[in-house]
Structure formats: C-alpha cells, structure tokens
Amino acid sequence: MAFHTEVTATQHAQMLEIIALLAQKISANLPQVQQFGLLSGLAGQLLFLYKAHQFNPSLINEHSFNAALENLQEHLAEQSFELSNGLAGQAWVLEYFNQAEQADYDPNLLEDVDALFQEALSPHPWGGEIEMVLGLGGYAPYAARRAKFTDQHALFANIVAGFESTLTTLDDGTLTWSQPENSVYRFDKENKHQAEYNLGLAHGVPGIIAALLPAYQQPALADKVRHLLEGGCDWLLAQRNPDRAQTCGYGSCADGHFNSRLGWCYGDLTIALTLARVGQALDRPSYIAAAKEIALHATKRDPKSGAINDAGLCHGFFGMVTIYQLLNTLMPDAKFVEAQQFWLDYGLAQYAEKGERGLYCYSGISKEYEEEFGFLMGYAGIGLALLAVLDNNPDWADCLLMA
C-alpha cells in the first residue's frame, strides 16, 4: 500500500499558509542568528529555506538566502566538529545543496572537511561521546551523504573502529554500548563507573546502530558492520517490554523501567524505524516483523500518553507526521497512514486555534511556550515536515539517522 494521506482543500491551504509564514519569519530573522549549526542554528534554517524555494521560488528572497549561505561558509573554519552546532551538521547541509544540482556537483568542495574528520576520528580507542548529537555517531550522516558521490571508506572505517573500541560484548553474544563515564547525557552522573545503556535514537544504542548502518554499504567493512548491527539489534530486541499490553515497548534507558515519550529523540517509533531499516538492509525479516509490531502498537498513543506538548521535529506533533511517513515507506500499512493523518490533523487544528503560537516550542527550562526558529525544535523543522507531506519527499531525514 503506497503512502497516501487525505488532505482537504482547507488543510492544503493551511499548510501553504504555514510554510509561507515560516519562510517569511525565518528569512527576516537570518541576520540575528548567532549559531551556525544544523539542529538549532543557521544551517538548519537554510535547509528549510532551500526546500521551500524548490517547492515555490516566490517564497524565498534569493539575495538574503545567498548572503546567509555565504556567512555560513565564511565561518566554517571557526567551528567545532560535532553534528549539533558544529561542522558535521553544517557540512552535511552544504553537501545536500551540492548534490541537489547533480550536473554541477563538485566532488572536491568538502575534501578538506573529509580530511579533518578522518584525522579527528582516528584515535582508537575512541575517548569521546559516542551518541550522535555531540559524538561519534554524528559523523555518519555526513559520511553517508558524501558517499553518494565520493569515496568515504576511510571515514567510515574510523567510525566503525571507534564503535568497535567502545562496545560491550555480553555473555549471550549480543553487543551494546554504555554511555561514557563523563558523558553529558548520562542519566546517572553519580555512579559513573556503572554501565548505562541509553535507548534513545538521539543519545543511545539505537542511534549507534543507525550510525553504523550506512557503513554496511562499504564492501571492505560489510562483514564487520553486519556483526555489529546484528549483535546490537539482538540486544535491542531483548530490551523490549515483556508485557506487550503496556503502553510503551521501551523506556529511555535499559534499567527495567518501560516509560518513554513519542519522539525522534526517544521512544518506540524511532527504535522501530531503526530495526526496520537494518532488517531491510541485512535481509532479516524477523527485525522487520518486530519493528512493525512495535510501531503499530505505538499508533494507539495520543498527545497525552505520548507526552507531546509542541510542534517540532524532535518530540512534537509534526515530528510524528514525518516519522509515520517514513515508517509507512519502509513497511506500508494503513495504520501508519492513519497515524500520520491523525497527527497532521492535530497539528493543523492547533494552528487553526492558536495561530503561530501553536507552532511555538515548549521550553523545559522556562516551562513556557517560546518562539524557536531552528530545525530540530522549531520553525525550520515544522516547515520541512509540511513540505514532505506535500511533495512526499523527506529526503533530508538521513541527517537525523532516520533514512
């Protein structure tokens, strides 16, 4: 069953209105953006504006876009390396733009970045963060995007070696990764020497599995990567809530508690998405069957049970639209289409009721709804999710390890 969501004429007009509003607000705010990163800064906002221009060129002022893009490029040498606010995310965006016009593709554009990353990831054992936002996993989206047109074996080899050097092999033969002792993402910072296995795509084992997956396409690494993927997925499946009647299949951490929100960052949906992607790549039907069962169970959840309080990609209602879109592409099912429809309807109803405030980000710090322009939590990601509904093409989802 192919993806299809029923958008009424009123909803279609709403979506066009929101996209135009977001393009206008983001464009007007470009001179004030202080950070250059993908997840919350300039690079992510330019990604949305670029896609909006592809959809409707009249939405974007090309002069202001080009000025902001030039500003981004001028500051590359000053950036740290991580995905979130650093060079890995910004370079992914530049490669995305580079590949968009294939006839003019320049394979040499980011050669210096390739060399920088190869050197930065060469120490083994790896001693830094291992997750994707600040750590080792965050280099995989760049390597995978570059590998569409250039040889990225050396960078993938370093990524794989880094994960090999940090893994834990359990007595049953499964593989997993504990958060480093000094990780900023440890839940238990008091007992640093105690193993802690995070279950979020953003900061945990599912993200490591997703980061390893594109390296499977490198022939010289395929056997090694298959071993890591199968060992990791077998461990991940063993962490599932044995009580299938409960709301959550997975918790946020493998500590015997099964409670998590619905989102990209944590929760059953992106675990299911990761298992399904590995199952397809490795021809493991059992992974796909488990993934579908997990994801279908999650379709029963609503904003309250899913702890969804705002609109953004990370853990908001328009993020749900994109995730169910991707799930239905991998494992077509009417229930995924219905779930995507539910969250789209819900999000558009929030906008109809509250206007642009319905698109605000809920701050866990201030406990208030605030305007946010970024890709992961704010306007840019919302706009990309809506554009993906209209053109059925979330081709940017690989930067979040979802494709």
Gaussian network model of the chain, Cα within-10 Å springs - most flexible of ALA23, ALA211, ALA380: ALA23
Candidate lysines for bridging to LYS189, where Cα separation is under 16 Å - those fewer than 8 sequence places away on the same chain excluded: none
Where TYR287, TYR360, TYR185 fall by accessible area, highest first, once all protein chains stay in place (1.4 Å): TYR185, TYR360, TYR287
P(r) tail fraction, the range 181-325 - alpha-carbon pairs more than 27 Å apart, %: 22
D_trans [Stokes-Einstein, Kirkwood Rh over alpha-carbon pairs] for the range 1-111, 25 °C, 0.890 mPa s, µm² s⁻¹: 160
Distance from the range 29-69 to the range 173-216 (C-alpha centre basis), Å: 33
Most mobile listed residue (PRO141, PRO285, PRO180) in the chain, GNM with C-alpha springs under 10 Å: PRO285
Radius of gyration and Dmax over the Cα atoms of the range 326-381, both given in Å: 14.1, 40
Estimated D of the range 262-403 in µm² per second, where Rh is the Kirkwood radius over Cα pairs and Stokes-Einstein applies at 20 °C, 1.002 mPa s: 142
Overall dimensions of the range 39-194 as given by Cα atoms, namely Rg and Dmax in Å: 18.1, 60
Residue order for TYR324, TYR369 - accessible surface, 1.4 angstrom probe, largest first: TYR369, TYR324
Ellipsoid equivalent to the range 49-136 - semi-axes via the Cα gyration tensor, in Å: 29, 14, 12
Tensor-based shape of the range 1-48 (alpha-carbon gyration tensor, a/c under 1.5 rounded, otherwise prolate or oblate): oblate
Reach of LYS335 by Cα under 12 Å, taken over aspartates and glutamates that are not fewer than 8 positions away in the same chain: GLU293
Hull-based mean projected area of the range 306-355, where the convex hull spans the alpha carbons, in square nanometres: 3.4
If the convex hull is drawn through the Cα atoms of the range 240-342, its volume per residue in Å³: 92
Local electrostatic count at GLN24 - Lys and Arg +1, Asp and Glu -1, tallied over other residues with Cβ under 14 Å: -2
GNM result for the chain, Cα springs below 10 Å: residue of PHE318, PHE187, PHE156 fluctuating most strongly: PHE187
Carbon and sulfur %, accessible surface of the chain computed with the full protein complex present, 1.4 Å: 50
Span per principal axis, largest first, for the Cα atoms of the range 104-189 (Å): 49, 28, 20
Equivalent-ellipsoid semi-axes of the chain, from the Cα gyration tensor, Å, largest first: 30, 27, 20
Accessible area (Å², 1.4 Å probe, nearest 10) - SER165: 50
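The values are calculated or read from the model by the stated rules, or taken from the named source; none is laboratory data. The shown structure was predicted, so the numbers you read here are calculated from the model rather than taken from an experiment. When we count neighbours, we look across all protein chains shown, and the Cβ atoms used for this are built from the backbone with ideal geometry, even at glycine. Remember, those area values only see protein heavy atoms, side chains included, never the ligands or the DNA or RNA. Shrake-Rupley method; radii C 1.70, N 1.55, O 1.52, S 1.80 Å.
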